[in-house]
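Reading through the structure tokens given below for one structure.
Where a number appears in this text, it was derived from the coordinates with a stated rule and is not lab data. It should be emphasised that the depicted structure is a prediction, and the values quoted were computed from it without experimental measurement. Because the Cβ atoms are built from the backbone with ideal geometry, glycine has one as well, and the counts that use them run over all protein chains shown.
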Amino acid sequence: MKILTAEFLTSATQPSQFPAGDVPEIAFAGRSNVGKSSLLNAVLGRKGLARVSQTPGRTRLLNFFRVTTTRGPQGQTEFRFVDLPGYGYAKVSKAVHEQWGPMIEGYIQGRRSLRGIVVLTDIRRGEEEERQLIQWATALGTGVLVVATKVDKLSRGNRLEALRKLEAFFGMPVLGCSATTGESKDALWTAILALLASPRANKRVTTSMSPSSDSLVPQASRFSHLPDEDGTS
Ligand code: GDP
């Protein structure tokens, strides 16, 4: 399968602004700095494409990308990637969190064309908010794929151990990838295509993700933000 086009479509905050048409969508979720833009660019083979999501004014929006391919194993030729805003960012004010969480939750709960969510986690540590997102989306009947980013940061031996720990923490398989080396890109595409082929089974639960908050995003005061080893956070 070859990617024919990968282009930015639109940014949106509410359903009325979402692109029309029943084109299957895969959403990408991850806290800021987890490596989401890098992975999207690597997967689509378009350097700088997902940087669109990081331009001023777009970082807190849902960013839609249109992807067309030659006929894939499951027959798909057109779908969308939806870059969800990075969550768990301690510097964002409470007021922003309050509209941000419900925006992501609303999209995941209500979007009929959503086929699955790729939840990104850093190979070096899983976060409680990631686990909450996975549990909540799974309870909704949404397909979830957990991807550990930046595996190149660890030696091969340490990777396996780290992946095992993450799988125990999240209670599901975790695919290790690297945007830097391109490792596991094929495996990631296989998993994405499988998600695209799965039917949507939204149970439409009305509860929000975090039991102690009405927002998907834990409040800044409860977020323990550890600096990245690479000093980029
Ligand atoms: P985002 O905020 O989740 O979109 O994260 P970015 O894609 O902007 O990446 C955050 C930082 O991590 C940047 O400094 C990237 O160069 C770095 N990074 C992203 N992916 C990888 C990876 O696979 N390996 C390594 N070593 N660094 C990465």
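Some observations on this one:
- Whole-Hz couplings from phi, Karplus 6.51/-1.76/1.60, listed for the stretch 31-39; x for Gly and Pro: 6, 4, 6, 6, x, 5, 4, 4, 5
- Per DSSP, loop chymotrypsin sites (Phe, Trp or Tyr not before Pro) in the stretch 124-202 with at most 12 further Cβ within 10 Å: none
- Under 5 Å between amide hydrogens, built in the peptide plane, is the criterion, and for LEU145 it picks out ILE117, VAL118, VAL119 among residues at least 5 positions away or on other chains.
- Remark: the stretch 42-53, residue by residue, has Karplus-estimated 3J(HN,Hα) of 5, 5, 8, x, 10, 4, x, 4, 6, 5, 3, 5 Hz, where x stands for each Gly or Pro and the curve is 6.51 cos²θ - 1.76 cosθ + 1.60 at θ = phi - 60°.
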